[in-house]
1. For the stretch 82-118, which residues satisfy the criterion of being more than 24 Å from S31 (Cβ to Cβ), hydrophobic (A, V, I, L, M, F, W, C) and not in a loop (DSSP other than H, G, I, E, B)?
2. Looking only at the stretch 124-135, count how many residues are closer than 14 Å to A83 by Cα and not in a strand (DSSP E or B).
3. Could you give me the residue pairs with C-beta distances under 8 Å whose first residue belongs to the stretch 58-78 and is under 18 Å from D130 (Cβ atoms), whose second residue is of a type in the set (F, W, Y) and assigned to a strand (DSSP E or B) wherever it lies, and which are 6+ apart or on separate chains?
4. Considering only residues of the stretch 143-183 that are within 20 Å of L67 (Cβ to Cβ) and of a type in the set (S, T, Y), which is nearest to the chain's Cα centre (by Cα)?
5. Could you please find all residues in the stretch 141-165 being more than 29 Å from K43 (Cβ to Cβ) and part of a strand (DSSP E or B)?
6. Could you tell me which of the residues T138, T121 is of a type in the set (S, T, Y), assigned to a loop (DSSP other than H, G, I, E, B) and at pLDDT 95 or above?
7. Report yes if some residue within the stretch 85-92 is at pLDDT below 95 and either closer than 17 Å to D160 by Cα or touching a Leu at 6+ places or on another chain (Cβ under 9 Å) (or both); otherwise report no.
8. Are any residues in the stretch 1-55 in contact (Cβ under 8 Å) with a residue 60 or more places away in the chain, under 19 Å from the mean Cα position of the chain (by Cα) and more than 25 Å from Q98 (Cα to Cα), and if so, which ones?
Amino acid sequence: MAMEDLKGSLIQIIRERSFQYSSEPVFRLTSGAASNFYFNMKKTTQSPDGMYLVGRLVFEKVKEIGLSPDAIGGLTLGADPIAYAVAMYSYTVKEPVQAFVIRKEPKGHGLKLPIEGNVRTGDHVVIVDDVVTTGGSTIKAINVAKENGLIIDAVIILLDRCEQNGRQNIEALGYPVYNILTLHDFVPTRN
């Protein structure tokens with residue numbers, strides 16, 4: 001199946017399961033702002049068909065931009081199913097990429113790790129996130145990854161909401177940012 005067909009299939013699944021719209025701004029975002037639309041991406045990224053499409057599309061984006069990272073991951077919970085899907089898909093095409101998870105807070109017991117997964121200092125990684133509005137969660141993931149010696153090659157966003165400067169806030173840190181989808185795949189652009 002062509003990449004555009006896969007992307008179209010993912011858009012359809014998101015429309016059916018994850019996208020909500022209201023004529024009034026009734027959806028409160030993490031940033032505190034109110035919006036007319038909301039994406040609950042977990043209903044897509046944690047389903048078998050959504051997971052396959054996300055894993056393949058993100059893996060193919062990594063290849064398209066010329067990267068060969070050791071691992072892929074981001075801040076829990078939005079990044080987790082994306083990282084797992086990419087790791088699984090990468091294994092099926094015999095180009096394995098490890099998955100990792102960045103905790104919101106390090107565990108208070110055991111090894112007290114801020115990052116879980118098979119990654120170590122010096123590994124090249126791609127940071128992922130399911131939805132970006134302000135970029136706050138992605139930036140937190142970047143900072144923790146850097147503090148733990150990971151080399152960040154790029155950031156891939158499943159869905160860029162194209163508001164509150166999220167993409168620009170991430171790019172201001174000096175990392176290239178790519179997306180699979182944007183708000184404009186769901187809401188027509190205003191002139």
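1. Keep residues of the stretch 82-118 that are more than 24 Å from S31 (Cβ to Cβ), which gives 84-100, 106-113, 115-118.
From what is left, the residues that are hydrophobic (A, V, I, L, M, F, W, C) are 85-88, 93, 97, 99-100, 111, 113, 115.
Passing the criteria: A85, V86, A87, M88, A99, F100, I115.
2. Result for the stretch 124-135: 0.
3. K61/Y178; A71/F100; I72/F100; G73/F100
4. Y178
5. Of the residues in the stretch 141-165, the ones more than 29 Å from K43 (Cβ to Cβ) are 146-151, 153.
The answer is I151, D153.
6. Among T138, T121, only T121 is of a type in the set (S, T, Y), assigned to a loop (DSSP other than H, G, I, E, B) and at pLDDT 95 or above.
7. No; the residues of the stretch 85-92 include none that is at pLDDT below 95 and either closer than 17 Å to D160 by Cα or touching a Leu at 6+ places or on another chain (Cβ under 9 Å) (or both).
8. I11, I14, R15, F19, L29, T30, S31, F37, F39, listed by residue number.
The values are calculated or read from the model by the stated rules, or taken from the named source; none is laboratory data. Just so we're clear, the structure is a prediction, and the values are computed from it rather than from any experiment. Using ideal geometry, Cβ is built from the backbone for each residue, glycine included, and neighbour counts are taken over all protein chains shown.
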